[in-house]
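First the structure, in the form of structure tokens, and then the observations on it.
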Amino acid sequence: MSDLASLNARARLIFRQIVEGYLETGAPVGSRLLSEVLEPQLSPASIRATMAELERSGLLYAPHVSAGRLPTQSGLRLFIDGLLQVSELTAEERDIIAPDTQADLGAEQLLKQAVDSLSGLSQCAGLVLSPGADPIIKHIEFTPISDDQILVILVDEANQVENRVIAKPRDLLPATLAEVSNYLNTRLKGRTLEELRREAQSELEHLRTELGELTAQIVAAGGGALGRRGDDERPSPGTPAKTPGGGGGGRL
């Protein structure tokens, strides 16, 4: 038996009643109990005949001769697969979901609303995963946080904030950090994080000539640090990320 759709309507009804009765009580379900639930829709003879067919199909079994029926492992698997089959939303379900999808929400709030709607409709726990694509960069900034540390702040188009702490070269002036930020925002804005990392590395010789060795060091360190982000460190929308190497994250 490949799926519930291969059973006729009567077999599906009886099979469902038996599985749900077993899940509720843990006890075999007999034809007498089914008759009380399904009459006058189905006669006792029809119920017994259908139970026998389901047993021959390997979906039910009798733990002993005089007992009712229990679902087999194959039967339970078939039942669960049937629960997971995708169907069209009803008009009522669409009306419930529509306000959440049409509202002007940020990415984080939209995902939360989606989980709440799915959980409410399915009466099950909901889990929504956002795609793990490399984000497009919106803004990058270098800010001194101590005598020997610089905070690299990166914001993507979804307003996710990524922070990293890098070493600060000696004799570095605050004006140089502003110059680096302006240079990268002008040249690399709209690129992905990986593209920024690669292109920042390729720009090092040009930076050494145009802006100086200290600038090149900052870009190399910042690009390398941001390029080490793992999937498990992806920040939530609008929230600061972890800052390895000390220092706290901050928002723009």
Practice item. Give the range 26-48 a look and list any residue that's of a type in the set (D, E, K, R) and more than 19 Å from LEU60 (Cα to Cα), or say none. Key: GLU36, GLU39
Review point. Would it be correct to say that GLU36 is more than 26 Å from ASP81 (Cα to Cα) and among the acidic types (Asp, Glu)?
Key: yes
Practice item. State whether one or more residues within the range 49-60 are touching a strand residue (DSSP E or B) at 6+ places or on another chain (Cβ under 9 Å), in a helix (DSSP H, G or I) and in contact (Cβ under 8 Å) with a residue 60 or more places away in the chain. Key: no
**Study point:** Verdict on ILE97 being surrounded by 12 or more Cβ atoms within 10 Å (Cβ to Cβ), modelled with pLDDT of 75 or more, over 17 Å from the mean Cα position of the chain (by Cα) and among the hydrophobic types (A, V, I, L, M, F, W, C)
**Key:** no
Check your understanding: Restricting attention to the range 137-153, does a residue exist that is part of a strand (DSSP E or B), touching a His at 6+ places or on another chain (Cβ under 9 Å), of a type in the set (A, V, I, L, M, F, W, C) and in the same structural domain as GLU199 (by TED's automatic domain parsing)?
Key -> yes
Review point. Does any residue of the range 126-142 turn out to be modelled with pLDDT under 75 and of a type in the set (Ser, Thr, Tyr)?
Key: yes
Review point. Taking the range 138-187 on its own, how many of its residues are in contact with an Asp or Glu (Cβ under 7 Å, 6 or more places away or on another chain), crowded, with 18+ Cβ neighbours inside 10 Å and hydrophobic (A, V, I, L, M, F, W, C)?
Key: 2
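The values are calculated or read from the model by the stated rules, or taken from the named source; none is laboratory data. Quantities reported herein were computed from a predicted structural model and do not represent experimental measurements. Glycine also receives a Cβ, built like all others from the backbone with ideal geometry; neighbour counts cover every protein chain displayed.
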